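**Student:** Dumping the structure here so I can ask a few things about it.
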């Protein structure tokens, strides 16, 4: 590695790669530091692989803006780069009269965000569309889809390298200090200097920020962790679309997604944890059966199989209201050409290309 590189990005998750790609496209020499031996080994490879429409997020938040913008950018990117994806559509289902009322509020929130393609689906229509569903009504989101996240990240890596950037695997960021207009960065046994420093370390973003000399702790939010467990089953999916219940406070509920091979997945649930642990507790299946049978009563007994889990780097506690992405640039913390990204959970995958452009503009 060279002693000087114009831009260093910490973290080769999907957002870090999208930022690095955008910076490289703008003519910057880019290096991505990744502590693992491969890209996307944490949050980016442990999610539902859904391209979200931008329905649920509060108006004028970064999550709402980036999801709506990023969705269009992501579909175009998949088409131009041959990334496998499908526009399956999603049903948000109501199983009670109270939830039907909530669906009306969800539709209005979506419209406030610029998502105007939602349509009401009656119980009779649902019986024809998805015969196994049991609910009182639903909203159809036709612009929701699925993506092969690994192939998407692989395409981003290809773009970075084609533009002259590179990724240093097995090189964990240790510390940085601003000196003489540049950042002196320690990564493993390597000491580098850069003009632009971007902290996109995901679950490790707070730890990385704490090791940037001169960055006030006031600008580093507390990290909270929520674990989402996923289950699958050894049977063909009865559904053609994604099925989502009415969302809960800090998650979208135990929903049905499909991978590109048609394999059904259930999850995630919501488990607040203190330490990173990806083991799936088989006993949590009891709550899955209860949640899924609210809209699919025919779910067979003893059919759910633990699959995997993912962990969200939240910046809200279990009792806090919704919190937006926190992208902290120079105007916030006072250090030049430094950007820290915190709380980059869902819809981070869908939003990644929009986030990349936004962060590049901050430098």
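**Student:** Where in region 170-257 are there strands (runs of 3 or more DSSP E), lying fully within it, with 3 or more residues that are closer than 17 Å to residue 268 by Cβ?
**Tutor:** Fully inside region 170-257 and qualifying: 224-233, 242-245.
**Student:** While we're looking at this one, here's another question. Which condition number does residue 276 fail, the rest of (1) surrounded by fewer than 19 Cβ atoms within 10 Å (Cβ to Cβ); (2) in contact with a helix residue (DSSP H, G or I) (Cβ under 7 Å, 6 or more places away or on another chain); (3) assigned by TED's automatic domain parsing to the domain that holds residue 202 being met?
**Tutor:** Here residue 276 clears every test but (3).
**Student:** Kindly provide the set of residues from region 315-344 that are surrounded by fewer than 18 Cβ atoms within 10 Å (Cβ to Cβ), outside any helix (DSSP H, G or I) and more than 18 Å from the chain's Cα centre (by Cα), ordered by number.
**Tutor:** Selection gives 317, 318, 319, 320, 321, 334, 336.
**Student:** Please work out which residue is farthest from residue 154 (Cα to Cα), limiting yourself to region 1-53 and to residues that are in contact with a helix residue (DSSP H, G or I) (Cβ under 6 Å, 6 or more places away or on another chain) and part of a strand (DSSP E or B).
**Tutor:** If we take residues in region 1-53 being in contact with a helix residue (DSSP H, G or I) (Cβ under 6 Å, 6 or more places away or on another chain) and part of a strand (DSSP E or B), then 7 is farthest from residue 154 (Cα to Cα).
**Student:** Does region 269-290 hold any residues that are farther than 16 Å from residue 227 by Cβ and in contact with a strand residue (DSSP E or B) (Cβ under 8 Å, 6 or more places away or on another chain), and which are they?
**Tutor:** Across region 269-290, the qualifying residue is only 289.
**Student:** Can you tell me how many residues within region 222-244 are touching a helix residue (DSSP H, G or I) at 6+ places or on another chain (Cβ under 7 Å) and more than 30 Å from residue 127 (Cα to Cα)?
**Tutor:** The total comes to 1.
**Student:** Sticking with this structure for a sec: Could you tell me whether residue 74 is in a strand (DSSP E or B), within 27 Å of residue 253 (Cα to Cα), under 22 Å from the mean Cα position of the chain (by Cα) and modelled with pLDDT of 95 or more?
**Tutor:** no
The values are calculated or read from the model by the stated rules, or taken from the named source; none is laboratory data. In this text, all values refer to a predicted model and were calculated from it rather than measured experimentally. Methodologically, a virtual Cβ is constructed for each residue, glycine included, from the backbone with ideal geometry; neighbour enumeration extends over all protein chains shown.
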